[in-house]
1. Report, by residue number, each residue of the range 182-192 that is open to solvent by 10 Å² or more (accessible area, probe 1.4 Å) and either touching a His at 6+ places or on another chain (Cβ under 9 Å) or β-branched (Val, Ile, Thr) (or both).
2. So is Glu317 among the acidic types (Asp, Glu) and in contact with a Leu (Cβ under 9 Å, 6 or more places away or on another chain) or not?
3. Of the numbered conditions (1) within 17 Å of Tyr363 (Cβ to Cβ); (2) near the ligand (Cβ under 8 Å from one of its atoms); (3) open to solvent by 30 Å² or more (accessible area, probe 1.4 Å), Ile18 fails exactly one; give the number of that condition.
4. Please work out if Ser156 is within 11 Å of the ligand (Cβ to nearest atom), open to solvent by 20 Å² or more (accessible area, probe 1.4 Å), small (Gly, Ala, Ser) and assigned to a loop (DSSP other than H, G, I, E, B).
5. Taking the criterion of being of a type in the set (A, V, I, L, M), under 29 Å from Ser117 (Cα atoms) and away from the ligand (no atom under 15 Å from the Cβ), would at least one residue in the range 33-41 satisfy it?
6. Among (1) in a helix (DSSP H, G or I); (2) in contact with a Leu (Cβ under 9 Å, 6 or more places away or on another chain); (3) away from the ligand (no atom under 16 Å from the Cβ), there is one condition Glu354 misses while meeting the rest; what is its number?
7. Being open to solvent by 70 Å² or more (accessible area, probe 1.4 Å) and touching a strand residue (DSSP E or B) at 6+ places or on another chain (Cβ under 6 Å) is the filter here, so list the residues in the range 252-272 that pass it.
8. Quick check on this structure: which one of Val284, Val347, Val277, Val298 is crowded, with 24+ Cβ neighbours inside 10 Å, farther than 30 Å from Tyr124 by Cα and not assigned by TED's automatic domain parsing to the domain that holds Ser69?
Amino acid sequence: MSQAPLDTDHNSLPVAVIGAGPVGLAAAAHLAERGVDFVVLESGSKVGASVAKWGHVRVFSPWRYNIDSAARRLLEADGWTAPDSDWLPTGAEIVDDYLAPLSKLFGDRIQVDAEVSAISRLGYDKVRTSGRESAPFVLRLTDGREIRARAVIDASGTYTSPNVLGASGLRAFGEETVTELIDHALPDVLGVDRDHYEGRHTLVVGAGHSAATTLLALAQLKDTPITWAIRAGNASRTYGGGEADALPARGALGTRVHTLVTSGRIQLVTGFFTHRVNAHTDGVEVISRDPLGNEQSVVAERIISATGYRPDHSIAEELRLDLDPILGSTRALAPLIDPNAHSCGTVPAHGVDELTHPEPGYYAVGVKSYGRAPTFLMATGYEQVRSVVAAIAGDWEAAHSVQLDLPETGVCSSNLADTQEQRVGLTTGVSGGLLGTPLVLATIPSDGGGCCG
Ligand SMILES: Cc1cc2nc3c(=O)[nH]c(=O)nc-3n(C[C@H](O)[C@H](O)[C@H](O)COP(=O)(O)OP(=O)(O)OC[C@H]3O[C@@H](n4cnc5c(N)ncnc54)[C@H](O)[C@@H]3O)c2cc1C
């Protein structure tokens, strides 16, 4: 017997897209172009909810690489005018000038306040095999609804699952008791979050470029003591190559942090392995215990945890996934995106073949598909969904023919950043535009390599 006990015509169901970020909405555009029915389920109250959280950050890839081809065609057919292709938008501009108008084209096929809590196949737990492929997917939402789908494109990102403070990748003891005093990377220190920080001793944990950017912003606040804690024995990786750095903007970022450390504006603590966090009369005490058992501690009023992000595969727990044991991407994708071998500019084009799990019809795409690798770019995500949607539509020739038209140096132009800085008179740390904020660097683990570098 291979017949599933179903009363539903599998292929008459919509494709469910989880997440209305840049890649989820690009998937919607490709599905719309191919005439495949779909529904987009977005947990936020608006599309681009995660991008909006870093809306004050200006990215390093210009508009030309941030707009999906199918989305562009649909938008232009509707009378939309694309922004200046050389402009480096902020997250807020990506939402307002691109994602919001795009989502309007899809009407009620975009559902906001619709958080997916679990995915399975109707009538099938993970173990049951016979007839599995013809069983529709069932997506359970936190509001109690269940939605059936013929395929699932999971573009739910990683921004909602930041890494923990604990140095071993486990929560520091007590971390959950002081969550109201911890922010994750890139809070709007000079904008809406200013009141949280000004005049308060702030501890920044992490050695990536998002930590560096945050330190520079904090340093502009008056009467705000700053402590910066890193696992390494020195901060040379964050300081970068200075004027000799391959990317001048990145080098300048490190140099500025170095200067602030040397002048004493930032107190650097090295060899810091966060182990325990205790509530304290002055805020919070963070205790480090290194592998030899030596302890040191910092008392601060607030913590910014710039330790990167990780994928949350728990919603797909009842599906059959084949995950790389290190990165949490598919195993086929892992060698192509390994940060030890690639920066975002050198990740080869990839599509449905690399994104296929043992569970037919389920695809994790976008930044989630990269797991813990920091090499993701919107442009690669757009090519992923073009290929995946072609496969869902049965157009295997288009699905297998993957290509990316990126310059060899990657899509992140520090020259554009410099030019734009001159054009609009922004400097790193000015509210409303953290020009030069290292994009994917914001997502890398503290000891990770760099994207766009
Ligand atoms: C600060 C920063 C700067 C960056 N700069 C660049 C850049 O210059 N160039 C570049 O190419 N890339 C950049 N990136 C990397 C990447 O392109 C972005 O993170 C991009 O937003 C990823 O798109 P996505 O659609 O995969 O995920 P996201 O934008 O994270 O979207 C995921 C969506 O899913 C929703 N969601 C989450 N869980 C659920 C659920 N359970 N149910 C329903 N909905 C859910 C979220 O609310 C969110 O709207 C940057 C990233 C960061 C953090």
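1. Ile182, Asp183, Leu186, Pro187, Asp188, Leu190, Gly191, Val192
2. Judged against the criteria, Glu317 is not a match.
3. Evaluating Ile18 over (1) within 17 Å of Tyr363 (Cβ to Cβ); (2) near the ligand (Cβ under 8 Å from one of its atoms); (3) open to solvent by 30 Å² or more (accessible area, probe 1.4 Å) leaves (3) as the failure.
4. Here the answer is yes, as Ser156 does meet what is asked.
5. Scanning the range 33-41 turns up at least one residue that is of a type in the set (A, V, I, L, M), under 29 Å from Ser117 (Cα atoms) and away from the ligand (no atom under 15 Å from the Cβ).
6. With (1) in a helix (DSSP H, G or I); (2) in contact with a Leu (Cβ under 9 Å, 6 or more places away or on another chain); (3) away from the ligand (no atom under 16 Å from the Cβ) applied to Glu354, the lone miss is (3).
7. Gln267 - this is the single residue of the range 252-272 that is open to solvent by 70 Å² or more (accessible area, probe 1.4 Å) and touching a strand residue (DSSP E or B) at 6+ places or on another chain (Cβ under 6 Å).
8. Just a single option satisfies the conditions, and that option is Val277.
The values are calculated or read from the model by the stated rules, or taken from the named source; none is laboratory data. Predicted model only: the values in this text are computed from it and were never measured. Neighbour counts run over all protein chains shown; Cβ positions are idealised from the backbone, glycine included. These accessible areas exclude ligands, DNA and RNA; they are computed on the full protein's heavy atoms, side chains included. Shrake-Rupley method; radii C 1.70, N 1.55, O 1.52, S 1.80 Å.
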